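Chemist: Take a look at the following structure, please.
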Amino acid sequence: MTQTYVRLNDGHRMPQLGLGVYQINGDTATEQAVSAALALGYRHIDTAHAYQNERGVGAAIKKSGLAREDVWITSKLWPSDYGLTVTPGAIDKMLARLDTDYIDLLLLHQQFGDYVGAWQAMEQAVKAGKVRSIGLSNFDGERLDEILAMATIQPAVMQVELHPYYQQQALKAKLAPIGTRMESWYPLGHGDSALLNEPIFKTLGQKYDKTNVQVILRWHLQHQHIVFPKTTNPIHLRDNFEVLDFELSTDEMAKIDALDKQERYYHVSLAEAEQRFGSWVPAD
Ligand SMILES: NC(=O)c1ccc[n+]([C@@H]2O[C@H](COP(=O)([O-])OP(=O)(O)OC[C@H]3O[C@@H](n4cnc5c(N)ncnc54)[C@H](OP(=O)(O)O)[C@@H]3O)[C@@H](O)[C@H]2O)c1
């Protein structure tokens, strides 16, 4: 199966479909999952300092024998690494963990801490060639506006919870004028069976000889979402990549759009998130 790409607002060409490695525990399991994905043709891995498995990602890419420029690496800075004077060192440590000279896409993971200083440091890292594209995760409201107002490089992506039950129409509309691409986390509702078993997915799966999950992933791709479902199951890994050979009609897309409940799975207010995560420092 060949890849499909999206063009970011900074000109870089990004594989639209990848593997997310959140909750793949440890570098060994991560290296195994990423190696299996690369062997199937995946060329995009989404990790984060907070996932504590960047070394496993880097090792799998090195051992794959693929040219570095043929694999897209996204990682994310945790708030403990935010700040104009703190973030540059954190980026260098991230490069060392990933065993690479540059990161394709670097995101601010959460909207608290010195995110303004961190954004400025990421812009400097782009100029220094250590990072190619920069973006945000989990930003909204005033803190998003603050970044948009001060940024000299506008965010290339926004990574947020996004799936058929929670379609993020307002955020999408807000970011469309600056060309920021939407990235879907929890693209499968974190595996929620109510979402995966919606009758429309079964109907369309039967029509196209695809699984329910493949129909959901196809819906994301046709909406131009960048998507990286997590799995360590070899059958799921293969199935999740075999979504490039069929196309949902406009009417079928609309039927899935109609599932929007504007309701997320991950209910944590900004204050709660700040309290829960604010003092956590991931190991180097
Ligand atoms: N920026 C953020 O704050 C943030 C937050 C959450 C996630 N993310 C990113 O988004 C990625 C994806 O999110 P996620 O892992 O939480 O949720 P997800 O991809 O929506 O769902 C993962 C669940 O779906 C199951 N699954 C995967 N493929 C399947 C298939 N073909 N058939 C049936 N079940 C399948 C997996 O189980 P098996 O392993 O058994 O297949 C797992 O339980 C993460 O890995 C991470 O990279 C980012």
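Chemist: Answer with one residue from Val213, Ala254, Thr28: the one whose Cα lies farthest towards the positive end of the charge dipole of the chain, charges on Cβ with Lys, Arg +1 and Asp, Glu -1.
Modeler: Checked the options; the winner is Thr28.
Chemist: Which whole-Hz ³J(HN,Hα) couplings does region 218-235 yield from phi under the Karplus relation 6.51 cos²θ - 1.76 cosθ + 1.60, θ = phi - 60°, glycine and proline marked x?
Modeler: 4, 4, 4, 4, 5, 8, 6, 6, 8, 9, 8, x, 8, 7, 10, 7, x, 6
Chemist: Given only helices, namely DSSP H runs of n ≥ 4 each adding -39500 (n - 2.57), what is the per-residue ellipticity at 222 nm of the chain, to the nearest 500 deg cm²/dmol?
Modeler: Numbers: 12 runs with 117 residues, N = 284.
Calculated at 222 nm, the ellipticity per residue is -12000 deg cm²/dmol.
Chemist: Another question, then. Viscosity 0.692 mPa s, temperature 37 °C: give me the Stokes-Einstein translational D for region 124-171 in µm²/s, with Rh taken as the Kirkwood radius over C-alpha pairs. If you can, show how the numbers build up before the last one.
Modeler: Details: Rh = 12.2 Å.
Estimated diffusion coefficient is 268 µm²/s.
Chemist: Relative contact order of the chain: what whole-number percent is it, with Cα pairs under 8 angstrom and at least 6 residues apart? Present the calculation step by step, with values, prior to reporting the outcome.
Modeler: Numbers: 506 pairs, mean separation 54.4, N = 284.
Reported relative contact order: 19 percent.
Chemist: Quick one: what do you get for the chain if you divide its Cα Rg by 2.2 N^0.38 Å? Present the calculation step by step, with values, prior to reporting the outcome.
Modeler: Details: Rg = 18.1 Å, N = 284, 2.2 N^0.38 = 18.8 Å.
Dividing the Cα Rg of the chain by 2.2 N^0.38 Å gives 0.96.
Chemist: If you count the DSSP beta bridges with both ends in the chain, what percent of them are antiparallel, to the nearest 5? Provide the component values of the computation, followed by the final result.
Modeler: Working: 4 of 28 bridges.
That works out to approximately 15 percent antiparallel.
Chemist: For Gly20, list long-range residues whose amide hydrogen, built 1.01 Å from N in the peptide plane, is under 5 Å from its own amide hydrogen.
Modeler: The list, which skips near neighbours in sequence, is Asp46, Lys230, Thr231.
Chemist: What would the Debye equation give as log₁₀ I(q)/I(0) for region 30-112 at q = 0.17, 0.21 Å⁻¹, counting only Cα atoms as equal point scatterers?
Modeler: For the requested q values the scattering log ratios are -0.63, -0.91.
Chemist: Starting with the fewest neighbours, write out Ile256, Ile45 ranked by other beta-carbon atoms found within 10 Å of each beta-carbon.
Modeler: Result, fewest neighbours first: Ile256, Ile45.
Chemist: What trypsin sites (Lys or Arg not before Pro) in region 204-284 are in a loop by DSSP, with at most 14 other Cβ atoms within 10 Å of the Cβ? Mind showing how you got there, number by number?
Modeler: Numbers: sites: Lys207, Lys210, Arg218, Lys230, Arg238, Lys255, Lys261, Arg264, Arg276; in loops: Lys210, Lys230, Lys261, Arg264.
Here the sparse-neighbourhood loop sites are Lys261.
Chemist: Mind checking the dipole of region 15-277: about its Cα centre, +1 per Lys or Arg Cβ, -1 per Asp or Glu Cβ, Debye to the nearest 20? Each step should come with its number before you reach the end.
Modeler: Values: 25 positive and 33 negative charges, 80 e Å.
Approximately 380 debye in magnitude.
Chemist: Tell me which of Leu204, Val281, Gly117 sits at the most positive position along the dipole axis of the chain, charges placed on C-beta atoms (Lys, Arg +1; Asp, Glu -1).
Modeler: The Cα lying farthest towards the positive end belongs to Leu204.
Chemist: Sort Phe277, Phe201 so the one with the fewest other Cβ atoms within 10 Å of its own Cβ comes first. Before the final figure, lay out each step's value.
Modeler: Working: Phe277 17, Phe201 24.
So the residues, fewest neighbours to most, are Phe277, Phe201.
Chemist: Okay, next question. For a quick check, take a GNM of the chain with Cα springs below 10 Å and name the residue from Thr211, Thr250, Thr87 with the largest mean-square fluctuation.
Modeler: Thr250
Chemist: Something else now. Among Leu95, Gln16, Ala50, whose Cα projects farthest towards the positive end of the dipole of region 15-277, with charges put on the beta-carbon of Lys, Arg (+1) and Asp, Glu (-1)?
Modeler: Leu95
Chemist: Turning to a different aspect of this structure: Mind jotting down the distance between the C-alpha centroids of region 161-206 and region 1-53, whole Å?
Modeler: 19
Chemist: For Val116, Val160, what ranking results if the residue with the fewest other Cβ atoms within 10 Å of its Cβ goes first? Please list the in-between numbers first.
Modeler: On the way: Val116 18, Val160 21.
Least crowded to most crowded, the residues run Val116, Val160.
Chemist: Now for a different question. Through the Karplus equation 6.51 cos²θ - 1.76 cosθ + 1.60, θ set to phi - 60°, convert the phi angles of region 182-190 into ³J(HN,Hα) values in whole Hz; use x for Gly and Pro.
Modeler: With coefficients 6.51, -1.76 and 1.60, one gets 8, 10, 9, 9, 6, x, 10, x, 6 Hz.
Throughout, read-outs are computed from the coordinates displayed, never taken from laboratory work. Fair warning: this is a prediction, and the values are worked out from it, not measured in the lab. Here Cβ is always computed from backbone atoms with ideal geometry, including for glycine, and neighbour counts include all displayed protein chains.
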